């Protein structure tokens, strides 16, 4: 199983999604598009696509001219039935790819926030893994309208479109479920000035926040990651056996 990962900014790591992919013995190919790595024009040779977050907006084509190509690639994967995962900026690009409107600066969230699973999410192969609601890490200012034909999976009071699915398995999540406490702590060390502008109390109160939300958020993130990886179907017709993977990891 070959999975293409596109990074849009330094330190945007796979986190728990990477853990789930490694459990499934996936071959992971990373393209750092923000550094000039080429973005493929077709899904050929890959079974799934992951597009991670970044500080740019989904419409920042002037500074990041690869963004239209990346959005088109996400749609090509989704239309072909391949699994797609867009996180934060990735979700905004997936919405753009399917004709939705990007809303810049319209929904600001930072830190662990509660997300509620809608009725459609409760029966979705991925969102059903986390129950009715869960805390998860957020770091965004933008949002989007829902693409025509999308299944609306999750929401909260600040950001109505927290998660959606297009077709069989093209998922966009505005929240950072890849970010477990280890990755969040790395971001604390790497981006202190930016974080202080967003929340001047965050770093001083981080241990308190982590004690309250970290364990539950980490568990929800890993459950979502494993559930998304289980949607991947290899182009040779073989599907990931999620139960076998979990038995091997746990046993």
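What follows draws every value from the coordinates through simple rules; no lab data is involved. Just so you know, these numbers come straight off a predicted model, no measurement behind them. Cβ sites come from the backbone with ideal geometry, for glycine too, and all protein chains shown count toward neighbours.
With a cut-off of 14 Å on the backbone N, the residues of the range 107-123 near the modelled label site 7 Å out from residue 216 along Cα-Cβ are 112-117.
Taking only C-alpha pairs under 8 Å that are 6+ residues apart, what is the relative contact order of the range 55-170 in percent?
Working: 210 pairs, mean separation 33.1, N = 116.
Relative contact order, the range 55-170: 28 percent.
On full extension, the segment bounded by residue 196 and residue 60 gains 46.5 nm, given 0.36 nm per residue less the C-alpha separation.
Per DSSP H run of at least 4 residues, take -39500 (n - 2.57); add these up for the chain, divide by its residues and hand me the 222 nm value, nearest 500 deg cm²/dmol.
Numbers: 8 runs with 85 residues, N = 251.
Counting only the DSSP helices, I get -10000 deg cm²/dmol.
Computed over the chain with a Gaussian network model linking Cα atoms closer than 10 Å, the most mobile of 170, 71, 38 is 38.
Computed across the range 7-94, the Kirkwood hydrodynamic radius from all distinct Cα-Cα pairs reaches 13.2 Å. GNM on the chain, alpha-carbon springs under 10 angstrom: the most fluctuating residue among 83, 233, 57 is 233. Multiplying the residue separation of residue 28 and residue 204 by 0.36 nm and subtracting their alpha-carbon distance yields 59.7 nm.
Quick one: what do you get for the range 107-158 if you divide its Cα Rg by 2.2 N^0.38 Å? Could the numbers behind the result be given before it?
Working: Rg = 11.5 Å, N = 52, 2.2 N^0.38 = 9.9 Å.
Output field value: 1.17.
Peptides 86-95, 110-119, 129-138 ordered by packing proxy, namely the average of other Cβ atoms within 10 Å per residue, highest first: 86-95, 129-138, 110-119. Just checking the listed ones, 202, 139, 228: in the Gaussian network model of the chain with Cα springs under 10 Å, the one fluctuating most is 202.
If you wrap the chain in the convex hull of its Cα atoms and look at it from every side, the mean projected area works out to 12.8 nm².
Across all directions, the shadow cast by the convex hull of the range 43-149 built on its C-alpha atoms averages 7.3 square nanometres. Using the average count of surrounding beta-carbon atoms within 10 Å as a protection proxy, the listed peptides 47-53, 156-162 rank, highest first, as 47-53, 156-162.
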